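Here the structure is laid out as structure tokens; the discussion comes afterwards.
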Amino acid sequence: MEPGQIFDVVFCMELIGTIAFAASGAIVGIHCGMDIFGVCVLGVVTAVGGGMTRDMILGNVPGALVKPVYVEIAVITALLVFLVLYFRKGLLQGRTGMLYDRVMLVMDSVGLGIFTVMGVLTGIQNGHLENTFLLVFLGTLTGVGGGLLRDIMAGVPPYIFVKHIYACASVAGALSCVWIYRGFGQLPAMVIASTAVIAIRFLAAYYHWNLPRIRQEEQQ
């Protein structure tokens with residue numbers, strides 16, 4: 001595949017991830033009773049927060065500021081989510097609400113998979129191909145950082161610490177991306193690693209996989 005075609009694939013994946021994360025951020029804001037401005041801010045933070053943190057660690061100007069198209073897409077997505085739910089409040093209730101939760105699981109998982117891979121590739125492009133630990137850290141930070149900032153701003157328990165092998169799926173995807181990139185190149189690494197993250201998230205949600213925890217009632 002030509003470099004220009006790979007660039008197009010990367011750009012499309014970033015847009016899909018941006019839309020997915022912005023929508024999930026908007027939903028959290030709506031559930032917390034935020035106004036339309038707060039919903040938009042939470043959508044943008046979720047979509048670009050992880051990538052901006054990654055870029056600052058690498059000593060780069062955050063990509064979301066260099067290419068504001070990602071912020072624009074995040075704002076538009078959050079606005080659309082807000083408007084749809086503002087005029088159709090019943091969508092969050094009953095059977096439709098259950099269906100919507102499943103759609104959000106898909107979008108959140110897709111965003112996690114895509115941005116985990118983008119984080120690893122950004123580290124590689126900055127000359128750190130041989131530093132596995134740094135690449136995995138960057139991939140995981142890009143994948144979960146926006147959601148972590150979203151939950152802190154919303155005042156809710158961070159999703160990555162309580163739900164369905166979330167951060168662990170990102171770590172596994174980042175590791176597989178590094179290994180596959182070294183052996184087979186960029187495109188296979190992008191496709192396989194992002195798919196692996198999404199698959200782990202789906203399986204964890206379906207089978208209710210969670211890491212061990214100590215519950216309050218067990219201590220009494």
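Here the chain is treated with +1 on each Lys and Arg Cβ and -1 on each Asp and Glu Cβ, and its dipole about the Cα centre works out to around 440 debye.
When each of 177, 40 is scored by the number of other beta-carbon atoms lying within 10 Å, the sequence from fewest to most is 40, 177. Where Rh denotes the Kirkwood radius from the mean inverse Cα pair distance, what is Rg over Rh for the chain? On the Cα set of the chain, Rg over Rh gives 0.98.
Given the options 131, 186, 24, identify the residue whose Cα lies farthest towards the positive end of the charge dipole of the range 3-210 (+1 on Cβ of Lys, Arg; -1 on Cβ of Asp, Glu). Towards the positive end, the residue furthest out is 24.
Could you state the number of Å between the C-alpha centres of the range 62-87 and the range 124-171? Using only Cα atoms, the two centres lie 21 Å from each other.
Counted as membrane-span-like here are DSSP H helices of the chain whose alpha-carbon atoms extend 15 Å or more along the helix's own axis and whose Kyte-Doolittle mean is 1.0 or above; these are 3-31, 36-57, 69-87, 132-154, 166-184, 186-207.
Each reported figure results from applying straightforward, stated rules to the coordinates on display, with no laboratory input. Predicted, not measured: the structure shown is a model, and the values here were computed from it. Every residue, glycine among them, receives a Cβ derived from its backbone with ideal geometry; neighbour counts consider all protein chains shown.
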